[in-house]
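Read the figures in this text as sums done on the coordinates, not as results from a lab. Because the structure is a prediction, the values reported are computed rather than measured. Note that we place each Cβ from the backbone using ideal geometry, even for glycine, and neighbour counts take in every protein chain shown.
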Amino acid sequence: MKILVVGGGGREHALCWKLAQSPKVQKIFCAPGNPGISAIAECVNIKDSDLEALVDFAQDKGVDLVVPGPELPLVMGIADLCAERGIPVFGPRKYAAQLEGSKAFAREFMDRHGIPSAEFAAFTDLDAALKHLETVPLPTVVKADGLAAGKGVAVCETREAAQDFVRELMQDKKFGDSGACVLVEECLGGEETSILAIADGKTFTLLTPAQDHKRVWDEDKGPNTGGMGAYSPVSLVDAEMIQEISEHIIQPVVRGMEQEGCPFTGVIYAGLMITYKGPHVLEFNVRFGDPEAQAVLPLVNGDLATMLLAAARGELATVDVPPADKAAMCVVMAAGGYPGDYENGKVIYGLKNAETVEGVVVFHAGTAFNEKKEIVTSGGRVLGVTAVGDNLPAAHHRAYEAVSRIQWDGVQHRKDIGKRELDRIVK
Ligand code: AMP
Ligand code: GLY
């Protein structure tokens with residue numbers, strides 16, 4: 001089997017790494033890829049938004065499966081283009097990708113199909129939004145409708161902060177058209193968790209629950225980021241809750257998309273708040289989470305390439321995947337200054353040494369080769385240092401041992417990834 005993975009971050013490295021373990025895979029292309037990925041796949045210099053070039057390439061090379069990593073190509077319609085050309089693709093079509101591409105679409109879809117989520121109101125008129133904010137209970141949550149690279153949401157403690165954010169979105173157009181429509185949502189309390197399901201249009205398989213760490217500093221302080229680390233599984237999400245999430249959240253998405261004429265193939269990623277009234281959806285994504293993928297994919301007890309191809313063909317029921325029986329942790333190492341300004345081009349030391357720690361794999365997110373062929377930083381989130389162990393304490397120990405062996409000028413990482421879960425399971 002020949003596979004084209006689209007993207008070039010830690011998630012795509014984890015995907016290529018897991019796919020490469022399949023005896024059925026002869027060749028992996030990755031566009032654009034990164035230095036870590038180049039050790040296991042052929043990197044192709046095509047941007048993730050250049051759909052025509054990506055699909056032409058897949059056709060030229062006789063690719064058997066396209067696996068888009070990020071949301072952008074999916075929201076732009078890469079799956080529709082692959083389908084037109086008869087190339088199997090593991091990802092939803094444009095209509096279904098609106099679950100991530102438009103928060104208003106997602107909210108209305110959830111209402112149509114009875115999926116539990118926060119109360120909300122949507123606005124395309126600035127004055128109406130500002131007026132609504134005069135009376136909502138605080139704190140309140142303001143969201144840009146469209147894609148905003150994870151920066152389009154603000155949890156606001158005061159009316160002024162909420163109104164300022166609405167002005168930034170609608171008046172100053174901070175995220176362009178993504179803020180033309182704004183949602184104001186009830187603020188839910190509880191613990192967050194990410195549930196990823198692989199769907200084939202009719203059925204689905206759940207992967208192990210994961211928890212991301214969105215804030216940049218320890219104890220969930222500082223600004224939001226793309227995610228500073230993740231672990232899986234999450235004991236808070238026990239067997240009973242998994243059943244509830246399957247029945248009341250994932251199944252209704254699969255059934256709802258089928259009813260609306262666009263069966264969902266790909267990853268249904270439900271960002272959940274586990275409230276005292278049970279799990280509620282904060283957002284849907286239509287692709288693997290990053291860094292969640294880096295913790296969840298190493299735990300998949302089966303052949304990922306077979307699973308994804310079967311899903312793309314609507315035949316997931318033919319694949320038997322034994323449940324995961326280990327735990328994983330991914331610690332993101334980031335450039336100093338991230339998520340604000342940071343410098344690229346810092347030489348990274350200790351990568352090989354880190355990978356000699358048992359159970360460890362270092363996924364590359366923002367790296368590049370310099371002219372001396374050294375691996376240097378090239379992005380905010382630089383590495384995802386991931387460890388698998390028999391349980392979370394073991395994975396935690398291995399991951400941080402590996403992290404301690406890696407250095408560059410200005411490196412930062414959180415020291416408390418998985419702490420909530422470690423406290424929970426040690427008690
Ligand atoms: P989203 O991109 O919609 O997941 O929002 C980003 C982050 O904002 C989430 O991970 C939560 O921490 C927070 N958030 C979003 N919606 C809500 C909500 N309704 N109540 C509380 N926190 C929220
Ligand atoms: N880790 C959050 C995301 O992938 O959207």
Give me the net charge of residue 312's neighbourhood, meaning all other residues with Cβ under 11 Å from the Cβ of residue 312; Lys, Arg count +1, Asp, Glu -1.
-> -2
Projected onto their principal axes, the Cα atoms of segment 1-51 stretch, largest extent first, over whole-Å spans of 30, 19, 15
Segment 1-136: relative contact order in percent, alpha carbon pairs under 8 Å with at least 6 residues between = 19
Treat every Asp and Glu Cβ in segment 135-238 as -1 and every Lys and Arg Cβ as +1, leave all other atoms uncharged, and give the resulting dipole magnitude about the Cα centre to the nearest 20 debye.
-> 300
Kindly give the semi-axes, whole Å and largest first, of the ellipsoid equivalent to segment 179-282, taking each as the square root of 5 times a Cα gyration tensor eigenvalue.
-> 25, 18, 14
Quick one: if you stick a label point 7 Å off each Cα along the C-beta vector at residue 321 and residue 202, how many nm between them?
-> 1.9
With +1 on the Cβ of every Lys and Arg and -1 on the Cβ of every Asp and Glu, the dipole magnitude of the chain about its Cα centre, in debye rounded to the nearest 20, is 860
When the chain is fully extended, how far beyond the present Cα-Cα distance does residue 423 get from residue 112, taking 0.36 nm per residue of separation?
-> 108.1 nm
About its Cα centre, segment 32-163 carries a charge dipole, from +1 on Lys and Arg Cβ atoms and -1 on Asp and Glu Cβ atoms, whose size in debye to the nearest 20 is 200
One point scatterer per Cα, no solvent, Debye formula: log10 I(q)/I(0) for the chain at q = 0.09 Å⁻¹ comes out as -0.53
Spin-label model distance (nm) - residue 368 vs residue 415, 7 Å beyond Cα toward Cβ = 3.2
Give, as ranges by residue number, the residues of segment 124-159 whose backbone N falls under 17 Å from the point 7 Å along Cα→Cβ of residue 260.
-> 145-147
Considering only 235, 38, 178, give the residue with the highest GNM mean-square fluctuation for the chain, with springs between Cα atoms whenever their separation is below 10 Å.
-> 235
Among rounded, prolate and oblate, which fits segment 180-235 when a ≥ b ≥ c are the square roots of the eigenvalues of its C-alpha gyration tensor, a/c under 1.5 means rounded, and a/b larger than b/c means prolate?
-> oblate
In nm, what is the difference between 0.36 nm times the number of residues separating residue 172 and residue 27 and their Cα-Cα distance?
-> 47.6 nm
If one computes P(r) from the Cα atoms of segment 120-218, what percent of pairs lie at distances over 18 Å?
-> 55
Computed on Cα atoms, Rg of segment 45-110 relative to 2.2 N^0.38 Å comes out at 1.15
May I ask you to list the aspartates and glutamates whose Cα is less than 12 Å away from that of residue 221, ignoring any residue fewer than eight positions away on the same chain?
-> 416
Taking N as the residue count of segment 1-115, its alpha carbon Rg divided by 2.2 N^0.38 Å gives 1.11
Kindly state, to the nearest 0.05, the FRET efficiency for residue 404 paired with residue 39, given R0 = 25 Å and r defined as their beta-carbon distance.
-> 0.65
Value at 222 nm in deg cm²/dmol, rounded to 500, when DSSP H runs of n ≥ 4 in the chain each add -39,500 (n - 2.57) = -8000 deg cm²/dmol
Equivalent-ellipsoid semi-axes of segment 321-385, from the Cα gyration tensor, Å, largest first = 26, 15, 9
From the Cα centre of segment 198-274 to that of segment 309-325, the distance in Å is 18
For the table 47/419; 47/174; 94/202; 214/277; 103/214, the rows whose alpha-carbon distance is greater than 26 Å are 47/419
Given a cut-off of 25 Å, what percent of all Cα-Cα pairs of segment 325-427 lie beyond it?
-> 22
Rounded to whole Hz and in sequence order, give me ³J(HN,Hα) for segment 143-152 from the Karplus expression 6.51 cos²θ - 1.76 cosθ + 1.60, θ = phi - 60°, writing x for Gly and Pro.
-> 10, 6, 5, x, 5, 8, 6, x, 10, x
